[in-house]
Every structure is written in structure tokens, then in C-alpha cells.
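Asks: Dropping a structure here in C-alpha cells format, bear with me for questions.
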Amino acid sequence: MRKHEEMRPARRPIRGIAVMLFIALFLVTGGTNLAQPVVWTEQTVLDDAPPPLAEQGPAAGEFTEAWRTSLTLPESARFALAGSNIVTGTQDEVFALDARTGEPTWRYREPERKIGSWATTSGTVVIGSSGKAGKHELNHLVGLDAETGRILWEQDNSSSIDPQDMNFGGSVILGGEATNNVIVVDDGDSRKRGIEARTGETLWSLSADDLPDDCVLSPNDMWEFSGKPLMLTIDCPEGDDARSRYGAVAAASGKPLWLSDKNDTDFFAMRNGLGVRVGPGRPPVLLGRDGDELFTASEAKSRCPCAVLEGEDSILLGYRSADDKGTSTVGRIVEIGPEGHVNPVAELPEFQPFQLYTATDERMYSVAAVRPDLSEQPYLPVAAPLLLTTIDKNGDVEHSTLPTAIAGYTEQKWFAAAGDQVFLATLNNDGGETIVHSYSRTGEADPAAPGGIDFAAWPDACALLSGIPERGPYPPPGQEVSVGDVVLPPTTCVGSAELRHVVTLDVVWVARSEDEAAKLLTDVGADIGFGSGQEADQEYDDGTGKVLLRAGAVIVAVTVDDVIDEAGRESILRDVVTNLRELG
């Protein structure tokens, strides 16, 4: 894959007779006030465009991690799939990674200027920037080819608008990536403009005079979207104040399709004409193509992130809410029928701090913690893989595992699917590092053993505490832990040592191989190579009294009361490792 760097002004210098005309004018005027605004760009572009990924994501199956890469990005950084690339960036630059390999492909920046935001379609990235260009304040739009990073078109607005007042923020869409080639930009003065993303051609313009009830458009960002209707937020005069409404316009013409009379919205997004609205402290509401409310989540503290998948005669909606006990967050997927009948499809474990969804036109995906029973505190690591749930248009649910453990203090930022891959971006709030992961489907998986694991063959937790008086296994009957649809054997045992002080052992995970188990523990911060014999292959102390140990492909967590001295603690840990190797 060949690429090269370019540095040039956004408008190439005019040569020949134009140069002589410029010299003549310079001599006549004394050279004053003739400096034209020029936006200088620095780019790395590809010479050849790779084939795009298939728009549909993978079926459930067995997955391996194809690649991962670490990036330094602000907490507010966004991600999108565009063609064969993952696009992200900062205020200084927008850049792309090859979705198949994780290698950098193209990069775009405007030195000494700020990139406010960007939007994507399947083949184009549109970037809005502001700042100085010579003596002028200049707002600049540029369309890039999503595959190569090459400039397709540019537009300038050299008005005196303060760049800090020019808001190009990007909105959030529901699952998938944009496939319609119309982008909405804000021209100021309550005017929005629909442009063809590939050419920059203006298709329509919409102002306050075009709207009912003297409504005016809010200065609300540049949108990316999916489907033919576009979402808009509108400020409507109400006495001396204004209230915000939301609605949809036709992408091709800009004609308003519907406007809501509600003003309790702080999140609104669309996919293929279906919308989800969330108000402050309010649950998600599913909206039809005509703006009608089709479904309102009834559970306490229901929230997005959300995803929508449309079947032949029903709609699937994924969101998150408190569980039935109100003690933790779970993911919920419901099916809304043509008569408004609601059928629960799946309840999924939480993925701290959010349940993440994405959707293509054929499937919905959710990523979650595979062992939520061990995730008592969101900032502590659990050396177990992730649970990938796949739901098709018929509401059929299948589960797989992604062989990556999430370290402590980690926030999940982005999740997507395309071709035979799924993608996940996480931010470590402790160190500020953003990691992008890619997982490839490598084959079929047994539905009774997500990730290829035979849970019936897991070691007995109480047998690993041999020599310590036991209080019994956990959880008790009726409180079993499941991975997908498979119920685990009791994975926790509680024992007593040194005057009844408590020792707890959890069988965290049994991987498909020693290498996979080592990678899971390395993900949470453990070092490799703690010796042999009675010492573990890996060890990690999370600072709360819990120690993660690996022997072969088995990972356990041992918690020892802090009143037990160091010698007693080490003796208990050595006995556990000895038992692990003997049960091998």
C-alpha cells in the first residue's frame, strides 16, 4: 500500500497571465489589502484505494483478535467506519487507520487552525475547520475521499464570524455508518444547507422563512446520518424565549417531514428514518418515520446508548436500564410489533460503565462483560474476555466471546461491525491511552460453548482451596451465573483460615490455550514469567486484597482478609497454585 505526503495551499496558486495581472495590480495599489485567504494543508494520502469492507457484519462464531493499536486522543474523540478505514481525530487533525490491519493510511491537518468536527458517508469524509488564513478569519469545508484521503472539493466562508462561535460538532447516529451522501452544514443566520458529500454541490438550503410557526434553526452542528431522512433541531420563538424542537427533513430536497412539539430532548438520532429520542432524566422513545412514538422504555433509569434494527414486520430496539432488582445496569433488547406489541428478546449483562450496541441492516450487536458477577467495582479489572451478542432480524440471539480483557479504570468509547470484523475502542482513564481493537471471525462456534469453552470441565473452586476449611461453594441454587445461555458450575468457594478469617476463590476463566489466558492477564496489567514449580505463571494484585493467578490456561482470583499476615497470604496463594497444577 503506497502513500506519500503532501503540503499545499487549499487553493493552488494561479500561474501565467494571472501572475502578471497580480503584479500589475500590486504596482497600481501599492500592494495593500490584496492578500487572499489561503488554507494551508498537510496531508498523507494513499496512491491506491483498497477495496471497502462489506457493509454487513459477521455472524456469531469464533473470534480472534486481529490487531490492536494505541492512540493518544482527547476523551471526546469520535470514531467512524468509512469504506475500508476507521476514521478518528483531534482538533488538530483527522486521520484514518486501515480497518483490516490497524496501520495508518491517510492524515489531514491545517496548521495553526482548528478542526471543529467531521462527518462521514460510506465513501467521503467532510471536515469543517475555522481560524486564521492570512489576515482573514475563515471557515473552511473540505471533502476527502474516505479511502485515500485525497481532497475532492473545498468551500470557504471568509465572513467575520468568530471561529469560537462556529460550531461544527458532530452528532451521534444509531449503529452502522452513514450511507446517504447528503451532509447538512450550518451557514449561520439560522440557515442550514444540504450538500452532496462527494462533490460539495449545494442540493438545498433551509432557513427560518421555510418553517412553520416562525421557527428558526438552532446553530446545531454538522450532522452525519444514516438513511434518507435527516434529523434537525429547531428553535421556535415562544414569547421572549425560544424552545427547541426536533424533526426530520428529506435528504434530497430539504423539505421538512415532521416537527415535534416537545422540548424535553437532549439526544435525538436516526437510522433509516427511525429515530430515538432521550430527554433529560427520561427513558428512550422509539419514533416512527412520521415522528409517531412507537415505544417508550418503562424500566427505571432506562438510557442510551441505543441501536435499532428493522425486520420485515417488527423493529428491534437495544438500550440499557436497571435490572429487575434495581441494583445494576443491564442491556435490554425488545421487539416492537406492527400493533405496538412489545416482546422481550434478551437481557444482557452490563459492560462498565456502558452497554454498547451497534447495528447493520442485517444484525444488531452488543458487547458486554462476560462475567458481570465479578465486576463489583467498575475501576477494577476482570481477567475474562468480552461477551459478543448477535441478534438477527427475526430476534434470534447467539453469543460469542472476544478474547480481550478490559483493564481497570477503562471506559468503552466506540463499537462497530463490518465485513468479518467487529471493532472496539476503549479509553484508559488512568493513563489516558485509547486502544482500538479489531476481532475477526475465524469459524463456527458451538452455541453451548461460547468462545469454544467447555464449562463443565472447569476446575472445582473448592478443590482449589484444599487444606482450608470450606464454608461452601457459591452461588447457591437459584443464583447461578450464565455466560450467554450457558449456566456455569459454581465458580466461587469461601473458606476460613487463621481463626476464621475469610479466603475467597473465584474461577475467573479457563481459556482455550495458555497463550490466550496469558494475553487476558496481560491485558489487565500482569507481568509474565513469575517462575515455575509452585509459583504462578502470572500474578496480578489489584490493590484491594484480590490477587489474580494464572497456571496454564486457568485464571483464578483469590481474596484474603487483610488481617492475615504476608507469610500466611503467600502460603495460601502457593497452595492454590499447587492445586491448580495438580488438577491441571
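The values are calculated or read from the model by the stated rules, or taken from the named source; none is laboratory data. Quantities reported herein were computed from a predicted structural model and do not represent experimental measurements. Because the Cβ atoms are built from the backbone with ideal geometry, glycine has one as well, and the counts that use them run over all protein chains shown. For the accessible areas, the whole protein counts, side chains as well, though only heavy atoms, and no ligand, DNA or RNA atoms are used. Shrake-Rupley method; radii C 1.70, N 1.55, O 1.52, S 1.80 Å.
Asks: I need the peptides 269-280, 116-127 ranked by packing, meaning the mean over residues of other C-beta atoms within 10 angstrom, with the highest value on top.
Replies: In descending order of packing, they fall as 116-127, 269-280.
Asks: Let me ask another. Sorted by packing (mean other beta-carbon atoms within 10 Å per residue), highest first, where do 100-108, 505-513 land? Write out the running numbers ahead of the final one.
Replies: Details: 100-108: 18.6, 505-513: 21.9.
Peptide ranking by packing, descending: 505-513, 100-108.
Asks: Roughly to the nearest percent, how much of the accessible area of region 403-452 is carbon and sulfur, given a 1.4 Å probe?
Replies: 45 percent
Asks: What is the spin-label model distance, in nm, from V487 to D240 if the labels are put 7 Å beyond Cα along the C-beta direction?
Replies: So the two model labels end up 6.6 nm from each other.
Asks: At 0.36 nm per residue, and after removing the present C-alpha to C-alpha distance, how many nm does the segment from E480 to D313 gain when stretched out fully? Working shown, then result.
Replies: Values: separation 167, 0.36 × 167 = 60.12 nm, distance 3.55 nm.
So the extension gain works out to 56.6 nm.
Asks: Tell me, what ³J(HN,Hα) does each residue in region 555-566 have, in order and in whole Hz, if you take phi through Karplus 6.51 cos²θ - 1.76 cosθ + 1.60 with θ = phi - 60° and put x for Gly and Pro?
Replies: 10, 10, 10, 10, 10, 10, 3, 6, 7, 6, 6, 4
Asks: In nm, what is the difference between 0.36 nm times the number of residues separating E299 and S207 and their Cα-Cα distance?
Replies: Net length gain for the segment: 29.2 nm.
Asks: Moving to a separate point now. I need the peptides 41-53, 408-420 ranked by packing, meaning the mean over residues of other C-beta atoms within 10 angstrom, with the highest value on top.
Replies: Highest-to-lowest ranking by the protection proxy: 408-420, 41-53.
Asks: With a Förster radius of 25 Å, plug the Cβ-Cβ distance of R282 and E347 into 1/(1 + (r/R0)^6) and report the FRET value to the nearest 0.05.
Replies: Once rounded, the FRET efficiency stands at 0.70.
Asks: Would you please give the FRET efficiency between D446 and A59, computed as 1/(1 + (r/R0)^6) with r the Cβ-Cβ distance and R0 = 22 Å, to the nearest 0.05?
Replies: FRET efficiency, D446 to A59: 0.95.
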